[in-house]
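Peer 1: Okay, here's the structure, questions in a sec.
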Amino acid sequence: MKKQKSKFAKVLIANRGEIALRAVKTARKLGLQSVAIYSTADKSSQHVIQADEAICIGPAPSSKSYLVKNAIIHTALRLSCDAIYPGYGFLSENAEFVDLCEANDIKFIGPAAESIREMGDKSTARKLAVTNNVPVVPGSDDAYDSEDEALLAAKFINYPLLLKARAGGGGRGMQIVTDESVFADAFQRCSAEAKNAFGDGYIYIERYFEKIRHIEVQILGDGRGKAIALGERDCSVQRRHQKLIEEAPAAILSSESRQQLHETAAMLAAGVKYEGAGTIEFIYDPKTTEFFFIEMNTRIQVEHPVTEVLTGVDLVEAQFLIAQGASLNNIYPKQNSSGHAIEFRINAEDWEQNFAPNPGIISQWSPPKMAGVRIDSAVYEGYQVVPFYDSMIAKLIIHAGSRDLALLKAKDAFQRFSIDGIKTTSGFHQKMLRNDAFLKNEIYTRWVDEVFLGDNK
């Protein structure tokens, strides 16, 4: 493996939407040239307008534009780009793409291909966690494509079980199994879904826990064996395994549990010599105060802004600086944070109609202008939300001195936030802000599906 150069001057941004716009602004701040790629559907997007250069990469479907590895590499070479920023989604966790970058002497602003491969494979990631003394969920050491072999492994784990696609993500390729009588059918469904979604039908088996919380730790690694934790986020408000609201810090944690989580996450990231921004995800059992590693996301997360407003660290900028060899101490010298932050994902969806996508033209866009309120978005009045990509159009980030104050500020912010022309999930969030269980932080990962939506049909 040849050593990549650490310094670069011109960055191709291999993404779209708000994260692409963030990257354009970061490049400008650091004195770097930026090149935006875009599909035909995104020709009027903000990242295209604000980048130093922009080039159409293909038609609307991501399979013909944002996911075409060779076309992106060719564009980078043709325009003399010496770095590529992937953001999240698309090719951000594609090891083959990182290999292509390296082969063409282009710096990938993110982890090494080996890190992506190791942590992207749930079986390998689990073994690495065990090697680094990180607690893992009781489960199989290997993934299976054979129903009989999987059933044999299940007998040593105990029910209920969770079947998870080896190459899965985003809640796809997952099945809960209550007892052995339904195992075969569940395994077949899970494997078929995984093969269809990811091209890989191998299934990993874990013990299933009731009413757990989803806690993740933001880490930064220098790629040389040093890593730091910048705090944790509670991402337990989910629908069908998709995050809706994220908070930092996780108010449910004791100071002791918090410290243990941070130390454990940093230890794992350092152990695999991780480079850049990443997230170590855990499940947390409030009854026993136990936490277990579930996976690592080898990219920046959608919900990273709640960590930014608490720590004062610009994580996108940190990704750029680490890629150029900056010290972690220079990026985050104080390691302190204050207050409480909450992020609400605003999607172009009709939440009252089973969260059906609702593309269209935004006829009014008037976000709130308040202290402690941040909007991350790339849309504008007259912008056309297209049906080809993720439906998220904005993130509303609230920062206040305490959780209670943040919730009050969030209510006020939504009342001042005007979006017309399309339906959004703003109404969902406003109902959440009137719900006692949410306000009292008495929720769990399946609470929205099992309780909240059931009460609001």
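Rundown of residues vs (1) at pLDDT below 95; (2) crowded, with 19+ Cβ neighbours inside 10 Å, yes/no style:
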{"residue": "ARG299", "(1), (2)": "no, yes"}
{"residue": "VAL306", "(1), (2)": "no, yes"}
{"residue": "GLN324", "(1), (2)": "no, no"}
{"residue": "GLN335", "(1), (2)": "yes, no"}
{"residue": "ARG345", "(1), (2)": "no, yes"}
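Peer 1: Applying the selection to the stretch 251-305, what residues are acidic (Asp, Glu) and closer than 24 Å to PHE209 by Cβ?
Peer 2: GLU256, GLU263, GLU281, ASP285, GLU290, GLU295, GLU303 - these are the residues of the stretch 251-305 that are acidic (Asp, Glu) and closer than 24 Å to PHE209 by Cβ.
Peer 1: Filter the stretch 418-433 for residues that are in contact with a helix residue (DSSP H, G or I) (Cβ under 7 Å, 6 or more places away or on another chain), touching a residue at least 60 places away in the same chain (Cβ under 8 Å) and not small (Gly, Ala, Ser); which is surrounded by the fewest Cβ atoms within 10 Å (Cβ to Cβ)?
Peer 2: Out of the qualifying residues, it is ILE419.
Peer 1: Filter the stretch 107-127 down to residues that are in contact (Cβ under 8 Å) with a residue 24 or more places away in the chain, assigned to a helix (DSSP H, G or I) and crowded, with 19+ Cβ neighbours inside 10 Å, then give me how many there are.
Peer 2: The total comes to 8.
Peer 1: Being among the hydroxyl-bearing types (Ser, Thr, Tyr) and surrounded by 15 or more Cβ atoms within 10 Å (Cβ to Cβ) is true for just one of SER62, SER80, SER44. Which residue is that? Give the steps one after another, and end with the answer.
Peer 2: Values: SER80 fails: surrounded by 15 or more Cβ atoms within 10 Å (Cβ to Cβ); SER44 fails: surrounded by 15 or more Cβ atoms within 10 Å (Cβ to Cβ).
Every option except SER62 fails the conditions.
Peer 1: Got a sec? Which helices (runs of 4 or more DSSP H) wholly within the stretch 385-457 have at least 3 residues that are of a type in the set (D, E, K, R) and either over 25 Å from the mean Cα position of the chain (by Cα) or closer than 30 Å to ASP285 by Cβ (or both)?
Peer 2: 403-415
Peer 1: Taking the criterion of being assigned to a loop (DSSP other than H, G, I, E, B), aliphatic (A, V, I, L, M) and within 25 Å of the chain's Cα centre (by Cα), would at least one residue in the stretch 32-49 satisfy it?
Peer 2: Within the stretch 32-49, none of the residues are assigned to a loop (DSSP other than H, G, I, E, B), aliphatic (A, V, I, L, M) and within 25 Å of the chain's Cα centre (by Cα).
Peer 1: Name the single residue that is nearest to LYS64 (Cα to Cα) among those in the stretch 81-106 being part of a loop (DSSP other than H, G, I, E, B) and among the aliphatic types (A, V, I, L, M). Reasoning before the result, please.
Peer 2: Step one: filter the stretch 81-106 for residues part of a loop (DSSP other than H, G, I, E, B), giving 81-82, 86-94, 104-106.
The next check asks that each one be among the aliphatic types (A, V, I, L, M); those that pass are 91, 106.
Working: LEU91: 13, ILE106: 22 Å.
Applying the filter and picking the extreme gives LEU91.
Every residue, every condition in (1) within 22 Å of GLY120 (Cβ to Cβ); (2) not basic (Lys, Arg), yes or no:
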site	(1), (2)
ALA153	yes, yes
LEU162	yes, yes
PHE183	no, yes
ARG189	no, no
PHE198	yes, yes
GLU206	yes, yes
PHE209	no, yes
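Peer 1: I'm checking my understanding of the structure. Among residues of the stretch 140-180 that are among the hydroxyl-bearing types (Ser, Thr, Tyr) and touching a helix residue (DSSP H, G or I) at 6+ places or on another chain (Cβ under 6 Å), which one is farthest from VAL130 (Cα to Cα)?
Peer 2: TYR144
The values are calculated or read from the model by the stated rules, or taken from the named source; none is laboratory data. In this text, all values refer to a predicted model and were calculated from it rather than measured experimentally. Heads up, the Cβs are rebuilt from the backbone with ideal geometry, glycines too, and the neighbour counts pull from every protein chain shown.
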